[in-house]
Amino acid sequence: MLIVEDLSVSIGGKLILDSISLEGRLQEITALLGPSGSGKSTFLRSFFPKAYPEMRIKGSINWDGSLPPGYVGQDPFTSFSPYHNLERTLEEPQLLRNEERINFIKKRDSLLDRFSLNKSLIKKYPKECSGGELQRIAILRAVLFGSPWILMDEPFTALDRKIQYEIVLEIQRLIKEEQVGIFLISHDLELIHVLSNKIYNMEKGKITNESIRKK
């Protein structure tokens, strides 16, 4: 499980998150729904306090496993270095985990097949790819890092509706086959209800209510 207890976050003396408590389970998608400025992105950033030293954090965040969660942002075109091809980018998890290359390549190629991506794609640079291809690669990279948890920050915003639903289907397969849990934040009510097992509503830095959807 992933459990957040009494989480409060301040930036520059301003309270952004106020006593947030919620939980998620592996092989499920837990969603945080709310309008822009409600504190959703700050919630995800609180998982990486060293990257955001300006945040003052109180409360606790605990999850299964020793590795930090994977992360998928909202704009796939800014998620990758323009100076490296995708093959080089996908090597980051292998280097971080010091994984044997033969095992890593086997896993990588299996995921490429699962996401319906041709292996020749990873020889390309980000500017040579579509938004849908890059967002699939971003999700694939998050899986390769090996954490049982993936955080997704508005991952469908830059994609058209057809591509959105293709990736939704892939994510639904992913959580079962890879036994991962996903925390998804969005303001898209329709997609949230299609994807999520549990939904938390956030307004002005507070959880206002939660609902559970059986699947």
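The values are calculated or read from the model by the stated rules, or taken from the named source; none is laboratory data. Remember, it's a predicted structure, so these values are computed and weren't measured experimentally. Here Cβ is always computed from backbone atoms with ideal geometry, including for glycine, and neighbour counts include all displayed protein chains. When the accessible area is computed, the model is the full protein with side chains, heavy atoms only, and any ligands, DNA or RNA have been set aside. Shrake-Rupley method; radii C 1.70, N 1.55, O 1.52, S 1.80 Å.
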Can you pull out the chymotrypsin sites (Phe, Trp or Tyr not before Pro) in the range 1-106 that DSSP calls coil and that have at most 16 other Cβ atoms within 10 Å? Tyr83
Just Gly73, Gly12, Gly132 to compare: in a GNM of the chain, with alpha carbon springs under 10 Å, which one fluctuates most? Gly12
Calculate how steeply helix 101-114 sits against the longest principal axis of the alpha-carbon atoms of the chain, using the helix alpha-carbon long axis, and give the answer as 0 to 90 degrees to the nearest 10. 80
Of Pro68, Pro148, Pro82, which has the largest mean-square fluctuation in a 10 Å C-alpha GNM of the chain? Pro82
Where the centroid of each part is defined by its Cα atoms, how far is the range 171-215 from the range 71-120 in Å? 25
For Leu67, Leu86, write out the residues from largest to smallest accessible area, computed with a 1.4 angstrom probe and no ligands counted. Leu67, Leu86
What do you get for the angle between helix 161-177 and the principal long axis of the chain? Use alpha-carbon atoms, 0 to 90 degrees, nearest ten. 90
Taking the 0 to 90 degree range and rounding to the nearest ten, how far is the long axis of helix 131-144 tilted relative to the main principal axis of the chain, both from C-alpha atoms? 80
Put Ile3, Ile16, Ile185 in order of accessible area, largest first, 1.4 Å probe: what do you get? Ile3, Ile16, Ile185
On average over all directions, what projected area in square nanometres does the range 151-215 have, based on the convex hull of its Cα atoms? 4.8
Scan the range 1-93 for GluC sites (Glu not before Pro) in coil per DSSP, keeping those whose Cβ has at most 14 other Cβ atoms within 10 Å, and list them by number. Glu54
Using only C-alpha positions, report the orientation-averaged shadow area of the convex hull of the chain, nm², one decimal. 11.7
